[in-house]
1. Can you name the residue in region 137-177 that is assigned to a helix (DSSP H, G or I) and charged (D, E, K, R) and is also nearest to the chain's Cα centre (by Cα) among such residues?
2. Looking at region 59-91 only, could you name the residues that are surrounded by fewer than 19 Cβ atoms within 10 Å (Cβ to Cβ) and in a helix (DSSP H, G or I)?
3. Could you please find all residues in region 141-165 being more than 12 Å from TYR72 (Cβ to Cβ) and in contact with an Asp or Glu (Cβ under 6 Å, 6 or more places away or on another chain)?
4. Restricting attention to region 83-101, does a residue exist that is more than 19 Å from GLY143 (Cβ to Cβ), out of contact with any helix residue (DSSP H, G or I) (no Cβ under 6 Å at 6 or more places or on another chain) and at pLDDT 95 or above?
5. Would you say ASP14 is among the charged types (D, E, K, R) and outside any helix (DSSP H, G or I)?
6. Taking the residues in region 92-132 that are assigned to a loop (DSSP other than H, G, I, E, B) and either surrounded by fewer than 12 Cβ atoms within 10 Å (Cβ to Cβ) or at positive phi (or both) as candidates, determine which candidate is nearest to the chain's Cα centre (by Cα).
Amino acid sequence: MIDLFLARVVRSIDRTTATIGKGASVLLPVLVGVIVVNVALRYGLNLGLIELEELQWHLNGLLVLCCLAFAYLGDSHVRVDIFHARFRARTKAWVEVLGGLLLLLPFVVAIGVFAWDNFTYSLSLNERSPMPGGLPARYVIKGFLAFGFALLGFQGLSAIGRSLLILRGVTPPPTGAPGEDPA
């Protein structure tokens, strides 16, 4: 019973992460376009626009924050593969559980709390760019910092849940990561 519930929670988090990651990745061509236009205007017409400069940084931040959890879902995050690749499935599961509980989740909670406080303070001030012609509503990108780390935290919980299923001898559901059947 608990295994079925845990598998459903893991599948739900993985689907949400995959949907958000794939959705955010659609912004990559937009970011490239903004960068190309910004460079062409700056070096071709000697015209620098602060709004384009800030927009490219905001889009880059949004992409990274929304895709952190997606990279974790697809096991594309940094790890010491010379050791990890040699581990048996149960050892990998233990490393995932302990690493998630002792390293990832405390880090995510600390950054998430800081980011949320920063977002709410920025929102209360109706913060905008200090630059003339800069983007309004700077609190939006600060909100994505909190959102991105919350999503990463949920994906960490999913990875822990998936590992617990492995440790219990249950085949976990597919992740829905690129190249894997999410059914």
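1. Residues of region 137-177 assigned to a helix (DSSP H, G or I): 139-167.
Remaining after also requiring charged (D, E, K, R): 142, 162.
On the way: LYS142: 14, ARG162: 18 Å.
Restricting to residues being assigned to a helix (DSSP H, G or I) and charged (D, E, K, R), the top hit is LYS142.
2. ASN60, GLY61, VAL64, ALA71, ASP81, ILE82, PHE83, HIS84, ALA89, ARG90, THR91
3. SER163
4. Yes, some residue in region 83-101 is more than 19 Å from GLY143 (Cβ to Cβ), out of contact with any helix residue (DSSP H, G or I) (no Cβ under 6 Å at 6 or more places or on another chain) and at pLDDT 95 or above.
5. On the way: among the charged types (D, E, K, R): yes; outside any helix (DSSP H, G or I): no.
Answer is no for this residue.
6. At the first step, the residues of region 92-132 found to be assigned to a loop (DSSP other than H, G, I, E, B) are 126-132.
Pick out the ones that are also either surrounded by fewer than 12 Cβ atoms within 10 Å (Cβ to Cβ) or at positive phi (or both) and you get 126, 130-132.
Working: ASN126: 25, PRO130: 27, MET131: 28, PRO132: 31 Å.
Across region 92-132, the extreme among qualifying residues is ASN126.
The values are calculated or read from the model by the stated rules, or taken from the named source; none is laboratory data. Please read all numbers here as calculations on a predicted model, not as lab measurements. Positions of Cβ are generated from backbone atoms using ideal geometry, with glycine treated the same way; all protein chains shown enter the neighbour counts.
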